[in-house]
Amino acid sequence: MRYDVIVIGAGMVGTSAAWHLQKNNSKVLMLDRKLPGLETSYGNAGLIQREAIHTHPFPRQLTELVRVMPNQGTDIRYRIPAILRYHQALLKYWKYSAPAMVKQIESEWQTLIEHCTSEHQTMIEASGADELITRDGWLQLHRSNETLKIAADTAILDREQGVEHKVLSLDELKAMEPNANFDGFVGAIHWLNSWQVSNPSLLVKAYAKNFEQMGGEIKETNVKEITPDSDNDNNGWRVVTDSETYYCDDLVVAAGPWSNELIKPLGYNLPLFPMRGYHQHFKVSAKNTIHHSMFDMDKGFVMGPMQQGIRITTGAEMTTMDAPKNFGQLKTVLKLARKILPLDEAVESEAWAGSRPCMPDMKPVIGPALKHDKLWFAFGHSHQGFTLGPITGRLVEELIHDKPTTVDVEPFNAQRFSK
(Lines give C-alpha, C1' and ligand atoms only; values in the text may rest on other atoms or scores of the structure.)
Protein backbone atom coordinates (compact mmCIF):
# COMPACT_ATOMS: atom_id res chain seq x y z
CA MET A 1 0.00 0.00 0.00
CA ARG A 2 1.16 3.52 -0.75
CA TYR A 3 0.87 6.48 1.63
CA ASP A 4 1.37 10.18 1.25
CA VAL A 5 3.73 10.19 4.24
CA ILE A 6 5.33 7.56 6.44
CA VAL A 7 6.64 8.71 9.82
CA ILE A 8 9.21 6.45 11.49
CA GLY A 9 9.02 7.00 15.23
CA ALA A 10 6.11 6.91 17.67
CA GLY A 11 7.46 9.08 20.47
CA MET A 12 6.21 12.59 21.12
CA VAL A 13 8.02 14.03 18.09
CA GLY A 14 6.98 11.32 15.62
CA THR A 15 3.41 11.20 16.90
CA SER A 16 3.10 14.99 16.67
CA ALA A 17 4.44 15.01 13.11
CA ALA A 18 2.00 12.27 12.09
CA TRP A 19 -0.87 14.09 13.82
CA HIS A 20 -0.23 17.40 12.04
CA LEU A 21 0.18 15.71 8.66
CA GLN A 22 -3.01 13.68 9.03
CA LYS A 23 -4.90 16.75 10.21
CA ASN A 24 -3.84 18.51 7.02
CA ASN A 25 -5.30 15.90 4.69
CA SER A 26 -2.37 13.56 4.18
CA LYS A 27 -2.69 9.80 4.25
CA VAL A 28 -0.17 8.95 6.98
CA LEU A 29 1.34 5.74 8.37
CA MET A 30 3.36 5.78 11.60
CA LEU A 31 5.86 2.96 12.14
CA ASP A 32 7.83 2.03 15.25
CA ARG A 33 9.07 -1.07 17.02
CA LYS A 34 6.91 -0.10 20.01
CA LEU A 35 3.51 1.55 20.11
CA PRO A 36 3.25 5.29 20.92
CA GLY A 37 4.38 6.43 24.35
CA LEU A 38 6.34 3.31 25.31
CA GLU A 39 9.95 4.39 24.71
CA THR A 40 11.71 7.65 25.63
CA SER A 41 8.40 9.52 25.89
CA TYR A 42 7.40 7.14 28.67
CA GLY A 43 10.30 8.00 30.89
CA ASN A 44 10.69 11.76 31.11
CA ALA A 45 9.97 14.01 34.08
CA GLY A 46 6.48 14.87 32.81
CA LEU A 47 7.07 18.58 32.27
CA ILE A 48 6.20 20.83 29.33
CA GLN A 49 8.94 23.32 30.01
CA ARG A 50 8.07 26.83 28.87
CA GLU A 51 10.92 28.08 31.05
CA ALA A 52 13.55 25.92 29.27
CA ILE A 53 14.96 28.71 27.12
CA HIS A 54 18.56 27.93 28.09
CA THR A 55 20.63 25.03 26.81
CA HIS A 56 23.03 22.80 28.77
CA PRO A 57 26.57 23.48 27.52
CA PHE A 58 29.49 21.15 28.09
CA PRO A 59 31.19 22.18 31.36
CA ARG A 60 34.17 24.40 30.58
CA GLN A 61 35.15 25.67 34.01
CA LEU A 62 37.97 23.71 35.64
CA THR A 63 36.09 23.42 38.93
CA GLU A 64 33.10 21.86 37.14
CA LEU A 65 35.29 19.42 35.22
CA VAL A 66 37.02 18.38 38.44
CA ARG A 67 33.64 17.81 40.06
CA VAL A 68 32.45 15.55 37.22
CA MET A 69 35.67 13.55 36.80
CA PRO A 70 35.24 11.15 39.77
CA ASN A 71 32.06 9.90 38.07
CA GLN A 72 30.03 9.80 41.29
CA GLY A 73 27.68 12.71 40.59
CA THR A 74 23.90 12.53 40.72
CA ASP A 75 23.41 14.86 37.74
CA ILE A 76 25.84 13.37 35.21
CA ARG A 77 27.81 10.13 34.92
CA TYR A 78 29.70 8.54 32.07
CA ARG A 79 31.11 5.24 30.84
CA ILE A 80 34.45 5.06 29.05
CA PRO A 81 33.19 2.99 26.04
CA ALA A 82 30.67 5.75 25.31
CA ILE A 83 33.32 8.48 25.59
CA LEU A 84 35.45 6.57 23.06
CA ARG A 85 32.59 5.83 20.66
CA TYR A 86 31.20 9.37 20.64
CA HIS A 87 34.42 11.31 21.15
CA GLN A 88 34.07 13.28 17.91
CA ALA A 89 30.56 14.41 18.80
CA LEU A 90 31.72 15.31 22.31
CA LEU A 91 34.57 17.40 20.91
CA LYS A 92 32.01 19.28 18.82
CA TYR A 93 29.86 19.65 21.93
CA TRP A 94 32.84 21.27 23.68
CA LYS A 95 33.36 23.62 20.72
CA TYR A 96 29.72 24.69 20.56
CA SER A 97 29.72 25.34 24.31
CA ALA A 98 31.90 28.44 23.99
CA PRO A 99 29.97 31.35 25.57
CA ALA A 100 29.60 33.34 22.35
CA MET A 101 28.26 30.32 20.49
CA VAL A 102 25.88 29.39 23.33
CA LYS A 103 24.34 32.87 23.17
CA GLN A 104 23.56 32.44 19.46
CA ILE A 105 22.35 28.86 19.92
CA GLU A 106 20.00 29.88 22.71
CA SER A 107 18.48 32.67 20.65
CA GLU A 108 17.59 30.06 18.02
CA TRP A 109 16.48 27.45 20.55
CA GLN A 110 14.10 29.95 22.14
CA THR A 111 12.14 30.29 18.89
CA LEU A 112 10.98 26.70 19.42
CA ILE A 113 10.40 26.86 23.17
CA GLU A 114 8.13 29.90 22.94
CA HIS A 115 5.54 27.76 21.10
CA CYS A 116 5.68 24.68 23.32
CA THR A 117 2.60 25.20 25.50
CA SER A 118 0.41 26.74 22.79
CA GLU A 119 1.15 23.89 20.36
CA HIS A 120 0.55 21.27 23.04
CA GLN A 121 -2.73 23.00 23.88
CA THR A 122 -3.97 22.56 20.31
CA MET A 123 -3.31 18.82 20.47
CA ILE A 124 -4.58 18.48 24.05
CA GLU A 125 -7.94 20.01 23.08
CA ALA A 126 -8.27 17.86 19.97
CA SER A 127 -7.35 14.71 21.91
CA GLY A 128 -9.51 15.38 24.97
CA ALA A 129 -6.46 14.97 27.20
CA ASP A 130 -6.89 17.98 29.50
CA GLU A 131 -7.29 15.81 32.61
CA LEU A 132 -3.61 14.86 32.30
CA ILE A 133 -2.42 18.48 32.49
CA THR A 134 -1.78 20.72 35.49
CA ARG A 135 -0.93 24.32 34.70
CA ASP A 136 0.47 25.67 37.96
CA GLY A 137 4.17 25.19 37.27
CA TRP A 138 6.94 23.33 39.04
CA LEU A 139 9.59 24.00 41.68
CA GLN A 140 13.34 24.38 41.24
CA LEU A 141 14.89 23.76 44.66
CA HIS A 142 18.17 25.33 45.72
CA ARG A 143 20.59 24.28 48.46
CA SER A 144 22.73 27.43 48.40
CA ASN A 145 22.00 31.14 48.40
CA GLU A 146 24.56 31.59 45.64
CA THR A 147 22.82 29.31 43.12
CA LEU A 148 19.41 30.67 44.09
CA LYS A 149 20.54 34.26 43.48
CA ILE A 150 22.03 33.34 40.11
CA ALA A 151 18.81 31.58 39.12
CA ALA A 152 16.66 34.46 40.34
CA ASP A 153 18.71 37.06 38.48
CA THR A 154 18.54 34.99 35.29
CA ALA A 155 14.79 34.48 35.72
CA ILE A 156 14.23 38.25 35.81
CA LEU A 157 15.93 38.55 32.41
CA ASP A 158 13.94 35.57 31.12
CA ARG A 159 10.71 37.51 31.54
CA GLU A 160 11.55 39.18 28.25
CA GLN A 161 11.11 35.75 26.65
CA GLY A 162 7.69 35.21 28.19
CA VAL A 163 8.87 33.08 31.13
CA GLU A 164 6.98 33.67 34.38
CA HIS A 165 8.39 32.91 37.82
CA LYS A 166 8.26 33.63 41.51
CA VAL A 167 11.13 33.34 44.01
CA LEU A 168 10.03 31.35 47.08
CA SER A 169 11.44 31.66 50.56
CA LEU A 170 11.93 28.50 52.58
CA ASP A 171 8.72 29.23 54.52
CA GLU A 172 6.75 29.71 51.30
CA LEU A 173 8.20 26.48 49.93
CA LYS A 174 7.16 24.56 53.06
CA ALA A 175 3.67 26.01 52.83
CA MET A 176 3.31 24.79 49.24
CA GLU A 177 4.59 21.28 49.94
CA PRO A 178 4.10 20.57 53.66
CA ASN A 179 4.96 16.86 53.39
CA ALA A 180 8.49 17.54 52.13
CA ASN A 181 11.52 17.94 54.36
CA PHE A 182 13.46 20.94 53.07
CA ASP A 183 16.34 20.78 55.54
CA GLY A 184 19.45 21.82 53.66
CA PHE A 185 17.55 23.99 51.17
CA VAL A 186 17.37 27.79 51.16
CA GLY A 187 14.47 28.45 48.77
CA ALA A 188 13.18 27.81 45.27
CA ILE A 189 12.15 29.23 41.93
CA HIS A 190 8.51 28.54 41.07
CA TRP A 191 8.26 28.39 37.27
CA LEU A 192 4.69 29.52 36.82
CA ASN A 193 3.79 28.97 33.17
CA SER A 194 5.30 25.54 32.63
CA TRP A 195 2.94 22.58 32.75
CA GLN A 196 2.97 19.22 34.54
CA VAL A 197 1.73 16.00 32.92
CA SER A 198 0.51 13.28 35.26
CA ASN A 199 1.25 10.50 32.77
CA PRO A 200 3.52 11.38 29.80
CA SER A 201 2.94 8.01 28.15
CA LEU A 202 -0.84 8.48 28.22
CA LEU A 203 -0.53 11.95 26.69
CA VAL A 204 1.39 10.54 23.71
CA LYS A 205 -1.18 7.74 23.45
CA ALA A 206 -4.02 10.28 23.50
CA TYR A 207 -2.40 12.17 20.63
CA ALA A 208 -1.89 8.88 18.75
CA LYS A 209 -5.51 7.82 19.31
CA ASN A 210 -6.71 11.15 17.90
CA PHE A 211 -4.38 10.64 14.93
CA GLU A 212 -6.09 7.29 14.27
CA GLN A 213 -9.54 8.84 14.69
CA MET A 214 -8.63 11.23 11.87
CA GLY A 215 -7.78 8.25 9.64
CA GLY A 216 -4.08 7.73 10.37
CA GLU A 217 -2.58 4.26 10.75
CA ILE A 218 -0.06 2.91 13.26
CA LYS A 219 1.95 -0.29 12.82
CA GLU A 220 4.10 -1.85 15.54
CA THR A 221 7.02 -3.21 13.57
CA ASN A 222 10.79 -2.97 13.22
CA VAL A 223 12.03 -0.90 10.28
CA LYS A 224 14.90 -2.75 8.62
CA GLU A 225 15.64 -0.60 5.57
CA ILE A 226 14.63 2.62 3.86
CA THR A 227 15.47 3.13 0.17
CA PRO A 228 14.35 5.45 -2.62
CA ASP A 229 11.47 3.97 -4.61
CA SER A 230 13.08 3.84 -8.04
CA ASP A 231 10.09 2.03 -9.55
CA ASN A 232 7.82 5.03 -9.04
CA ASP A 233 7.83 7.82 -11.62
CA ASN A 234 7.25 10.43 -8.92
CA ASN A 235 10.07 9.07 -6.77
CA GLY A 236 9.23 8.56 -3.11
CA TRP A 237 10.31 5.91 -0.63
CA ARG A 238 10.27 2.20 0.09
CA VAL A 239 10.25 1.13 3.74
CA VAL A 240 11.02 -2.50 4.54
CA THR A 241 9.93 -3.83 7.93
CA ASP A 242 10.00 -7.22 9.62
CA SER A 243 6.57 -8.06 8.29
CA GLU A 244 5.83 -5.96 5.20
CA THR A 245 7.08 -3.40 2.70
CA TYR A 246 5.42 0.03 2.55
CA TYR A 247 5.64 2.85 0.02
CA CYS A 248 5.19 6.59 0.38
CA ASP A 249 5.80 9.92 -1.29
CA ASP A 250 7.44 11.65 1.72
CA LEU A 251 9.34 9.96 4.54
CA VAL A 252 9.93 11.47 7.99
CA VAL A 253 12.62 10.03 10.26
CA ALA A 254 11.70 10.90 13.84
CA ALA A 255 13.12 7.88 15.62
CA GLY A 256 14.99 9.67 18.38
CA PRO A 257 18.31 8.05 19.30
CA TRP A 258 17.77 5.33 16.68
CA SER A 259 17.52 7.83 13.81
CA ASN A 260 21.15 7.81 12.77
CA GLU A 261 21.21 4.05 12.23
CA LEU A 262 18.28 4.33 9.83
CA ILE A 263 19.85 7.03 7.67
CA LYS A 264 23.49 5.88 7.66
CA PRO A 265 22.96 3.47 4.72
CA LEU A 266 21.74 6.49 2.71
CA GLY A 267 25.04 8.30 3.28
CA TYR A 268 24.19 10.38 6.35
CA ASN A 269 26.22 10.30 9.56
CA LEU A 270 25.13 13.08 11.90
CA PRO A 271 26.95 13.55 15.23
CA LEU A 272 24.03 12.26 17.30
CA PHE A 273 24.78 10.69 20.67
CA PRO A 274 22.50 9.20 23.35
CA MET A 275 22.16 10.23 26.98
CA ARG A 276 20.44 7.76 29.26
CA GLY A 277 18.07 8.51 32.11
CA TYR A 278 16.52 6.31 34.82
CA HIS A 279 13.35 6.57 36.83
CA GLN A 280 11.40 4.63 39.42
CA HIS A 281 7.95 5.15 40.98
CA PHE A 282 7.04 4.92 44.65
CA LYS A 283 3.60 4.40 46.12
CA VAL A 284 1.81 7.53 47.30
CA SER A 285 0.71 7.86 50.92
CA ALA A 286 -0.67 10.60 53.14
CA LYS A 287 2.90 11.28 54.28
CA ASN A 288 4.55 11.77 50.91
CA THR A 289 1.87 13.39 48.72
CA ILE A 290 3.21 16.32 46.73
CA HIS A 291 1.45 18.64 44.28
CA HIS A 292 4.34 19.95 42.18
CA SER A 293 7.31 18.39 40.48
CA MET A 294 10.46 19.41 42.32
CA PHE A 295 13.91 19.60 40.75
CA ASP A 296 16.90 19.53 43.08
CA MET A 297 19.03 22.04 41.18
CA ASP A 298 22.24 21.26 43.02
CA LYS A 299 21.94 17.46 42.77
CA GLY A 300 20.25 17.18 39.37
CA PHE A 301 17.20 14.94 39.91
CA VAL A 302 13.42 15.37 39.77
CA MET A 303 10.63 14.21 42.11
CA GLY A 304 7.23 14.37 40.46
CA PRO A 305 3.64 13.34 41.21
CA MET A 306 2.45 10.86 38.58
CA GLN A 307 -0.53 8.56 38.14
CA GLN A 308 1.84 5.63 38.68
CA GLY A 309 3.21 7.11 41.92
CA ILE A 310 5.94 9.54 42.83
CA ARG A 311 8.46 9.40 40.00
CA ILE A 312 12.13 9.87 40.86
CA THR A 313 14.04 10.76 37.68
CA THR A 314 17.83 10.88 37.46
CA GLY A 315 20.03 13.23 35.53
CA ALA A 316 21.97 11.92 32.53
CA GLU A 317 24.31 8.99 32.00
CA MET A 318 26.67 9.13 29.02
CA THR A 319 26.58 5.54 27.76
CA THR A 320 25.97 3.49 24.64
CA MET A 321 22.50 2.42 23.56
CA ASP A 322 23.17 -1.28 24.12
CA ALA A 323 25.00 -0.98 27.46
CA PRO A 324 23.44 -2.87 30.39
CA LYS A 325 21.60 -0.86 33.01
CA ASN A 326 23.69 0.57 35.82
CA PHE A 327 21.58 1.64 38.78
CA GLY A 328 24.41 3.29 40.71
CA GLN A 329 23.31 6.82 39.84
CA LEU A 330 19.68 6.09 40.74
CA LYS A 331 20.66 4.51 44.07
CA THR A 332 22.61 7.62 45.00
CA VAL A 333 19.68 9.82 43.95
CA LEU A 334 17.23 7.77 46.02
CA LYS A 335 19.31 8.31 49.16
CA LEU A 336 18.91 12.06 48.65
CA ALA A 337 15.25 11.85 47.65
CA ARG A 338 14.36 9.82 50.77
CA LYS A 339 15.67 12.66 52.91
CA ILE A 340 13.06 14.90 51.30
CA LEU A 341 10.13 12.49 51.06
CA PRO A 342 9.32 9.13 52.66
CA LEU A 343 9.57 6.69 49.75
CA ASP A 344 8.88 3.33 51.36
CA GLU A 345 7.54 1.06 48.63
CA ALA A 346 8.64 0.96 45.00
CA VAL A 347 5.97 0.35 42.38
CA GLU A 348 8.25 -1.46 39.91
CA SER A 349 10.64 -4.27 40.78
CA GLU A 350 13.25 -2.70 38.47
CA ALA A 351 13.76 0.91 37.44
CA TRP A 352 13.07 2.07 33.88
CA ALA A 353 15.88 3.29 31.64
CA GLY A 354 15.76 5.08 28.30
CA SER A 355 17.96 7.15 25.99
CA ARG A 356 17.52 10.68 24.69
CA PRO A 357 18.92 11.85 21.34
CA CYS A 358 21.45 14.68 21.66
CA MET A 359 23.26 16.87 19.13
CA PRO A 360 26.56 18.61 19.90
CA ASP A 361 25.18 22.10 19.23
CA MET A 362 22.25 21.43 21.60
CA LYS A 363 19.66 21.99 18.85
CA PRO A 364 17.44 19.41 17.14
CA VAL A 365 17.62 18.49 13.48
CA ILE A 366 14.43 19.63 11.73
CA GLY A 367 14.16 19.84 7.98
CA PRO A 368 14.95 18.23 4.63
CA ALA A 369 17.79 15.82 3.99
CA LEU A 370 20.61 17.12 1.81
CA LYS A 371 21.06 14.23 -0.63
CA HIS A 372 17.50 13.04 -1.18
CA ASP A 373 14.21 14.65 -2.08
CA LYS A 374 11.15 14.05 0.10
CA LEU A 375 13.23 12.81 3.03
CA TRP A 376 12.76 14.77 6.25
CA PHE A 377 14.50 14.69 9.63
CA ALA A 378 12.98 15.47 13.04
CA PHE A 379 15.17 14.28 15.91
CA GLY A 380 17.92 15.30 18.33
CA HIS A 381 15.84 17.26 20.86
CA SER A 382 17.95 16.09 23.80
CA HIS A 383 15.86 16.28 27.01
CA GLN A 384 13.13 18.39 25.38
CA GLY A 385 11.53 16.09 22.82
CA PHE A 386 8.44 15.82 25.00
CA THR A 387 8.22 19.61 25.32
CA LEU A 388 8.98 20.37 21.66
CA GLY A 389 7.19 17.51 19.89
CA PRO A 390 4.07 19.47 18.84
CA ILE A 391 5.89 22.52 17.44
CA THR A 392 8.32 20.20 15.63
CA GLY A 393 5.40 18.25 14.18
CA ARG A 394 3.80 21.46 12.96
CA LEU A 395 7.05 22.53 11.29
CA VAL A 396 7.43 19.16 9.55
CA GLU A 397 3.92 19.46 8.12
CA GLU A 398 4.56 23.02 6.96
CA LEU A 399 7.80 21.99 5.25
CA ILE A 400 6.31 18.98 3.47
CA HIS A 401 3.37 21.02 2.19
CA ASP A 402 5.60 23.95 1.26
CA LYS A 403 3.93 26.43 3.61
CA PRO A 404 5.52 29.39 5.40
CA THR A 405 6.97 27.97 8.60
CA THR A 406 5.90 29.14 12.04
CA VAL A 407 9.57 29.23 13.06
CA ASP A 408 12.65 29.86 10.92
CA VAL A 409 13.96 26.30 10.48
CA GLU A 410 17.30 27.25 8.94
CA PRO A 411 19.20 27.04 12.28
CA PHE A 412 18.00 23.42 12.64
CA ASN A 413 18.97 22.12 9.19
CA ALA A 414 20.76 18.80 8.84
CA GLN A 415 23.52 20.31 6.69
CA ARG A 416 24.97 22.50 9.45
CA PHE A 417 27.48 19.84 10.53
CA SER A 418 28.93 19.39 7.02
CA LYS A 419 29.59 23.07 6.40
(request) Using only the alpha carbons, work out the radius of gyration and Dmax of segment 290-419 in angstrom. (result) 19.0, 55
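Probe radius 1.4 Å, ligands and nucleic acids ignored: give me the carbon and sulfur share of the accessible area of the chain as a rounded percent. Don't jump to the answer; show the numbers that get you there.
On the way: 9260 of 18040 Å².
Carbon and sulfur: 51 percent of the exposed surface of the chain.
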(request) Output the direction-averaged projected area (hull surface divided by four) of the convex hull of the alpha-carbon atoms of segment 30-165, in nm². (result) 11.7
(request) In whole Hz, with x marking every Gly and Pro, tabulate ³J(HN,Hα) for segment 211-216 from phi via Karplus 6.51 cos²θ - 1.76 cosθ + 1.60, θ = phi - 60°. (result) 4, 5, 4, 7, x, x
(request) Would you please classify the overall shape of segment 89-145 from the alpha carbon gyration tensor, given that a ≥ b ≥ c denote the square roots of the eigenvalues, rounded means a/c under 1.5, and beyond that prolate means a/b larger than b/c while oblate covers the rest? (result) oblate
(message) Can you give the FRET efficiency to the nearest 0.05 for ASN145 and ASP402, using r as the Cβ-Cβ distance and R₀ = 56 Å?
(response) 0.60
(request) Take peptides 365-377, 11-23, 209-221, 158-170 and line them up by average Cβ neighbours within 10 Å, highest first, as a rough protection proxy. (result) 11-23, 365-377, 209-221, 158-170
(message) Quick check: Cα centre of segment 237-274 to Cα centre of segment 156-235, how many Å?
(response) 25
(message) I'd like the accessible area for TYR96: 1.4 Å probe, protein heavy atoms, all chains in place, Å² to the nearest 10.
(response) 30
(request) Assuming a ≥ b ≥ c are the square roots of the Cα gyration tensor eigenvalues, decide whether segment 150-213 counts as rounded (a/c under 1.5), prolate (otherwise, with a/b larger than b/c) or oblate. (result) oblate
(request) Describe numerically, in nm with one decimal, the distance between label points set 7 Å from Cα along Cα→Cβ at LYS103 and at ARG85. (result) 3.7
(request) Note down the nm distance, to one decimal, between modelled labels 7 Å out along Cα→Cβ at ARG67 and at PHE417. (result) 2.8
(request) Find the eigenvalues of the gyration tensor of the Cα atoms of segment 132-268, then list the square roots of 5 times those eigenvalues as equivalent ellipsoid semi-axes, largest first, in whole angstrom. (result) 48, 18, 15
(message) Would you calculate the convex hull of the Cα atoms in segment 192-300 and tell me its volume per residue in Å³?
(response) 217
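At 222 nm, what helix-only mean residue ellipticity would the chain give, in deg cm²/dmol to the nearest 500, using -39500 (n - 2.57) for each DSSP H run of four or more?
Values: 12 runs with 131 residues, N = 419.
Taking each H run of at least 4 residues, the total per residue is -9500 deg cm²/dmol.
Find the percent of Cα-Cα distances in the chain that exceed 37 Å, and round it to a whole number. Let's see the in-between values first.
On the way: 17929 of 87571 pairs.
Counting every Cα pair in the chain, those more than 37 Å apart make up 20 percent.
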(message) Can you compute 3J(HN,Hα) from phi for each residue in segment 126-141, using the Karplus curve 6.51 cos²θ - 1.76 cosθ + 1.60 with θ = phi - 60°, rounded to whole Hz and x for Gly and Pro?
(response) 5, 8, x, 10, 4, 5, 8, 10, 10, 10, 10, x, 9, 10, 9, 7
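Greater than 21 Å separation of Cα atoms is the criterion. Which listed pairs, LYS34/LYS205; LYS27/LYS219; LYS224/LYS403; LYS23/LYS224; LYS23/LYS209; LYS283/LYS331, meet it? Write out the running numbers ahead of the final one.
Values: LYS34/LYS205 12 Å; LYS27/LYS219 14 Å; LYS224/LYS403 32 Å; LYS23/LYS224 28 Å; LYS23/LYS209 13 Å; LYS283/LYS331 17 Å.
Checking Cα-Cα distances, LYS224/LYS403; LYS23/LYS224 exceed 21 Å.
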(request) Enumerate the whole-percent occupancy of each 5 Å bin, from 0 to the last occupied one, for all C-alpha pair distances of segment 243-350. (result) 2, 10, 17, 17, 12, 11, 9, 9, 7, 4, 2, 0
(request) Using the Karplus curve 6.51 cos²θ - 1.76 cosθ + 1.60 with θ = phi - 60°, work out ³J(HN,Hα) for each residue of segment 266-278 in order, rounded to whole Hz, and write x for Gly and Pro. (result) 8, x, 10, 8, 7, x, 7, 9, x, 10, 8, x, 10
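Using only the Cα atoms, what convex hull volume per residue in Å³ does segment 322-379 have? Write down the numbers at each step before the final one.
Values: hull volume 10.4 nm³, N = 58.
Once divided by residue count, the hull of segment 322-379 is 180 Å³.
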(message) Rounded to whole Å, give me the distance from the Cα center of segment 56-122 to that of segment 325-368.
(response) 16
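The values are calculated or read from the model by the stated rules, or taken from the named source; none is laboratory data. Keep in mind that this is a model prediction, so the values were computed, not measured. Virtual Cβ from ideal backbone geometry, glycine too; neighbours counted across all protein chains shown. Accessible surface is based on the protein model in full, side chains and every heavy atom, while ligands, DNA and RNA are left aside. Shrake-Rupley method; radii C 1.70, N 1.55, O 1.52, S 1.80 Å.
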